[in-house]
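Have a look at the structure below before the remarks.
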Amino acid sequence: MTTPTFEHLNVTTLADWLEAARPLTLVDIRDPASFAAGHLPDSRHLDNDGVPALLAEADRRQPLVVVCYHGNSSQQAAAWLAGQGFEEVYSLDGGFSDWSARYPERVAEGAPGGG
């Protein structure tokens with residue numbers, strides 16, 4: 001049995017996927033205030049309290065992309081989520097800071113759950 005793992009994803013590839021409307025689940029593990037100040041459109045804020053809902057609702061066959069500040073803590077979260085049965089898990093290299101620097105026009109604002 002192989003250990004579930006994740007892959008690294010760069011922001012350019014993610015932008016291409018979103019442009020092509022590729023079905024995927026985006027989760028942002030930053031703190032609620034940072035998420036509210038700016039996040040990837042259609043991403044879902046994920047903290048420890050939200051994990052049970054994600055596990056209950058998300059399609060485990062759909063790619064899951066984990067976003068954090070700079071692409072470091074998302075690696076641990078991605079590895080853990082891969083162990084929960086998600087078939088295709090990615091950690092966004094560079095995190096939200098890289099995304100917002102490259103695609104400032106593609107940043108949504110609003111509180112978690114508000115979109």
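The values are calculated or read from the model by the stated rules, or taken from the named source; none is laboratory data. Owing to the predicted nature of the structure, the values given are computational and were not obtained by experimental measurement. Here the Cβ positions follow ideal geometry from the backbone for every residue, glycine too, while neighbour counts run over all protein chains shown. These area figures cover heavy atoms from the full protein model, side chains too; ligands, DNA and RNA do not enter into them. Shrake-Rupley method; radii C 1.70, N 1.55, O 1.52, S 1.80 Å.
What the table below lists for this structure:
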| item | result |
| --- | --- |
| Members of region 26-48 found to be under 18 Å from S100 (Cβ atoms), part of a helix (DSSP H, G or I) and free of Cβ contacts under 8 Å to residues at least 24 places away in the same chain, listed by number | A33 |
| Sole residue being surrounded by 14 or more Cβ atoms within 10 Å (Cβ to Cβ), free of Cβ contacts under 8 Å to residues at least 12 places away in the same chain and not charged (D, E, K, R), chosen from V66, V89, V51 | V51 |
| Pairs with Cβ under 7 Å, 6+ apart, first in region 69-81 and open to solvent by 10 Å² or more (accessible area, probe 1.4 Å), second part of a helix (DSSP H, G or I) and not aliphatic (A, V, I, L, M) | Y69/G95; Y69/F96; Y69/S97; H70/G95; H70/S97 |
